[in-house]
Amino acid sequence: MKQIFEVKGMTCGGCVKGVEQKVSTLPNVSNVKVCLENGTIEFESLISINTSDIKTVLPEKYKIYNSGNVLKKEEAFLVTKKTKLQQLRPLLLILSYISVASFWIHYKEINGIEIMLTFMGLFYIVFSFFKFLDIKGFVNSFSMYDPLAKKYLFYAWVYPFIETLLGVLFLNRIYIKTGLILTLIILGITTVGVTKTLINKQKIQCACLGTALKLPMTEATFIENAIMIIMAMIMLVFNF
């Protein structure tokens, strides 16, 4: 039988991985799936599992609740869609502010290259700021899907510093070519991981804004990276 429980207390990808591993140790339980954005544990069981059974294998910081009836497919789709839109709101707002600021700074003399450089600089500075709010949580989430961070955890720890450095380079217009090449490399690697996650339909937290803002891994993450990669390619081909 399929069972779904609500879980409170998860804050990052590391929590998801830990909860999934712990619940998988329960007898007669299989196919455990933990969703951070919805705060749920879903699994198949040969016998009925109750909240007390799950509490025995999880740390006290997690609160478990019976989710009750499972929604119909149509209802579940609408709820998931609404939740994604609500959770993506911070990302969309931040990208909108960065875009408006980039155009505003250069409104007296519209120059596409200058606007893109400013956008990329602000993008890196703002996004690295959110990662630094909970760098440990970011490392746990980022290492779940970035291919290089999975293999070398140290890379996940230095990633926010790399973003800050790139932001400074673009905003000060120094070592631009180097910054563009680094952008293609690091975002290219991350995009590979994001693409695999989306294809496999894994429900994990996106680490683009750290863990302070809980964002689901969606197509928006792919598009966000793609925009930066395209900008970098345009500038490398036509100007540098």
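The values are calculated or read from the model by the stated rules, or taken from the named source; none is laboratory data. Note that the structure is a prediction, hence the values are computed from the model and not measured. Positions of Cβ are generated from backbone atoms using ideal geometry, with glycine treated the same way; all protein chains shown enter the neighbour counts. Note: areas computed on protein heavy atoms with side chains; ligands, DNA, RNA excluded. Shrake-Rupley method; radii C 1.70, N 1.55, O 1.52, S 1.80 Å.
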Check: So, with a 1.4 angstrom probe, what is the percent of accessible area on the chain that is carbon and sulfur?
Finding: 63 percent
Check: Using a 1.4 angstrom probe and counting only protein chains, how large is the accessible area of Val194 in Å², to 10?
Finding: 0 Å²
Next item on the list: Averaging sequence separations of C-alpha pairs under 8 Å and six or more residues apart, then dividing by the length of the stretch 126-168, give the relative contact order as a whole percent.
Entry: 43 percent
Notebook entry, point to check: Ignoring the sites themselves, what is the longest stretch of the chain with no trypsin sites (Lys or Arg not before Pro) in a DSSP loop and at most 10 other beta-carbon atoms within 10 Å?
Noted result: 109-200
Next item on the list: For the chain, report the accessible area per residue in Å² (1.4 Å probe, heavy atoms, rounded to an integer).
Entry: 55 Å²
Next item on the list: Could you work out the equivalent-ellipsoid semi-axes for the stretch 93-202, taking the square root of 5 times each eigenvalue of the Cα gyration tensor, largest first, in whole Å?
Entry: 27, 15, 14
Check: Angle between the Cα long axis of helix 176-199 and the longest principal axis of the chain, 0 to 90 degrees, nearest 10?
Finding: 20 degrees
Next item on the list: Read phi for every residue in the stretch 149-157 and hand back ³J(HN,Hα) as whole Hz from Karplus 6.51 cos²θ - 1.76 cosθ + 1.60, θ = phi - 60°, with x for Gly and Pro.
Entry: 5, 5, 7, 10, 4, 4, 4, 5, 5
Checklist line | Euclidean distance of C-alpha centroids, the stretch 110-136 and the stretch 198-237, integer Å | finding: 14 Å
Notebook entry, point to check: Put Phe222, Phe129, Phe154 in order of accessible area, largest first, 1.4 Å probe: what do you get?
Noted result: Phe154, Phe129, Phe222
Note to self: Can you give the local net charge around Phe43? Use residues other than it whose beta-carbon is closer than 10 angstrom to its beta-carbon, Lys and Arg +1, Asp and Glu -1.
What the structure shows: -1
Notebook entry, point to check: Computed from the mean reciprocal separation of all distinct C-alpha pairs, what Kirkwood hydrodynamic radius does the chain have, in Å?
Noted result: 19.5 Å
